[in-house]
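Let me begin by presenting the structure, written as structure tokens, before commenting on it.
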């Protein structure tokens, strides 16, 4: 090769041009019909904005723990305990969101955007009612909830303000999930991605300003993290409503859609209740796990919190790939193409496995320096590094499992994942965590091990049940 040939790269091949063209189309917003054409390209067009959307969602968690980690173990423990309670809110939001994605995707696959818009509005009405019903009492009784979770008096004193705002403003989480589920179901993944850009830019700017009192902002400590996150999410929700009313090529909410349709509402509620239970079973187990970890002190809770936030940063992008599979399943079942739906799931699962497998290897090798980016407490760092290494050992199995379970949700079969989660987390994980941590004297490491064992078991069950094909006959 000559010097000139080395300095001047060859022109891109046809495949490379096609790839980068698809990336640009995915970021801009694709007009492709996802029920026909090249399946790998359909996965790419949906997955890129959905993965970036989840990366941005994970920034909420990582940004908070990055700055709060400078305030000490009690502040980090406050975030960890409050987030474990918010897991139930996430369960409700995800339950309704998964059902909404399934219903909207099915209608879009049937080429019925009118009914897709009606389904979206019913989901919004349901989400608003749930937000008020949870947020008001949770905000009022936040300190009592912290005590019930085993928080020390010091943590309660430090974190009551944070917990009040985070729990009282949980409606912003629910509505953010729900509105983006409408866009994802319609195939407007790029819009959902841009909405989280808005929220995260606001959160990234406000977090250090409100925590440390930079410039004209008051110094609020850990409470400032909650205010920044709530502000970013709330503005994002308002932008979501604007985009739904403005409309897109795939879905447009008009004035005639904004009313209650009892038949659609009841169908959505029926599927949502099982979906809520599915995620409540999974997320409530995290509350119980934090309660067990709290037996071993604030440093153990803080170590777990740092590790799980780092894991979530990479798990959520993988969840974005799973969301792409759910949308493809819903739209292709609506178009009467179950074989194409199944193929999309297996291919997406493989891509997810490769992604999380590489991430897992990195964390096993570089756990301690990664943890030190977020916290320098000598009592917390080794615990967080151990947790990160253990969690990473289950990445490959978990990658395939999340795609399988999301495929059931995309088909509207929320019952199967609910049963799998119940046996995986409540029958297996929680007793095993207590047995290893307390009876086996492994302390917090025993809890970390139980999480990996349970997640891999859930993944294996999901793969076996998906192969049986019952999901393809689900009506919604």
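No lab work stands behind these numbers, since they all come straight from the coordinates. Since this is a predicted model, take the numbers as computed values, not measurements. Quick reminder, even Gly has a Cβ in these numbers, built from the backbone with ideal geometry, and neighbours come from all protein chains shown.
When a footprinting reagent is the concern and you count Cβ atoms within 10 Å, what order do 471, 346 take, fewest first?
Lowest to highest Cβ neighbour count: 346, 471.
For residue 246 and residue 136, compute 0.36 nm times the residue count separating them, minus their Cα-Cα distance, and round to one decimal in nm.
That pair, residue 246 and residue 136, stretches by 36.5 nm at full extension.
Let me check against my output: what whole-number percent is the relative contact order of segment 42-473, with C-alpha pairs under 8 Å and at least 6 apart?
Rounded, it is 24 percent for segment 42-473.
For a Förster distance of 41 Å, can you work out the FRET efficiency between the beta-carbons of residue 439 and residue 470, rounded to the nearest 0.05?
With a Förster radius of 41 Å, E is 0.60.
For the residues 174, 136, what sequence is obtained by ranking on other C-beta atoms within 10 Å, fewest first?
The most exposed by this proxy come first: 136, 174.
With the cut-off at 21 Å, report for segment 22-106 the share of all Cα pairs above it, as a whole percent.
That fraction is 52 percent.
Between residue 36 and residue 339, how many nm apart are label points set 7 Å from Cα along the C-beta direction?
Modelled inter-label distance: 1.7 nm.
Quick check: the angle from helix 189-212's long axis to the longest principal axis of the chain, C-alpha only, nearest 10 degrees?
Once rounded, one gets 20 degrees.
With a ≥ b ≥ c the root eigenvalues of the C-alpha gyration tensor of segment 154-292, is it rounded (a/c under 1.5), prolate (a/b larger than b/c) or oblate?
Judged from the Cα gyration tensor, segment 154-292 comes out oblate (a/c at least 1.5, b/c at or above a/b).
Tell me, what does the Kirkwood hydrodynamic radius of the chain come to in angstroms if you use every pair of distinct C-alpha atoms?
22.7 Å
Ranked by Cβ crowding within 10 angstrom, fewest neighbours first, how are 25, 154 ordered?
Exposure proxy ranking, most exposed first: 154, 25.
For segment 407-473, what relative contact order do you get, as a whole percent, if you take Cα pairs closer than 8 Å and at least 6 residues apart?
Relative contact order, segment 407-473: 36 percent.
How big is D for segment 128-214, in µm² s⁻¹ as a whole number, if Stokes-Einstein is applied with the Kirkwood radius of its Cα pairs at 4 °C and 1.567 mPa s?
Estimated via Stokes-Einstein, D reaches 86 µm²/s.
Distance between the C-alpha centers of segment 115-163 and segment 32-74? Whole Å please.
What the calculation gives is 23 Å, centre to centre.
Using Cα-Cα distances under 8 Å and only pairs 6 or more residues apart, what relative contact order does segment 173-286 have, in percent?
That works out to 23 percent.
What angle, in degrees between 0 and 90 and rounded to the nearest 10, separates the Cα long axis of helix 444-468 from the longest principal axis of the Cα atoms of the chain?
20 degrees
For helix 262-293, report the angle its Cα long axis makes with the longest principal axis of the Cα atoms of the chain; keep it between 0 and 90° and round to the nearest 10°.
30 degrees
Is the C-alpha gyration tensor of segment 351-451 telling us rounded, prolate or oblate? Criteria: a/c under 1.5 is rounded; beyond that, a/b larger than b/c is prolate, otherwise oblate.
Note, shape of segment 351-451 comes out oblate.
Given segment 41-189, report the % of alpha carbon pairs whose separation exceeds 19 Å.
59 percent
Rounded to two decimals, what is the ratio between the C-alpha radius of gyration of segment 269-420 and 2.2 N^0.38 Å?
So segment 269-420 has a normalised radius of gyration of 1.19.
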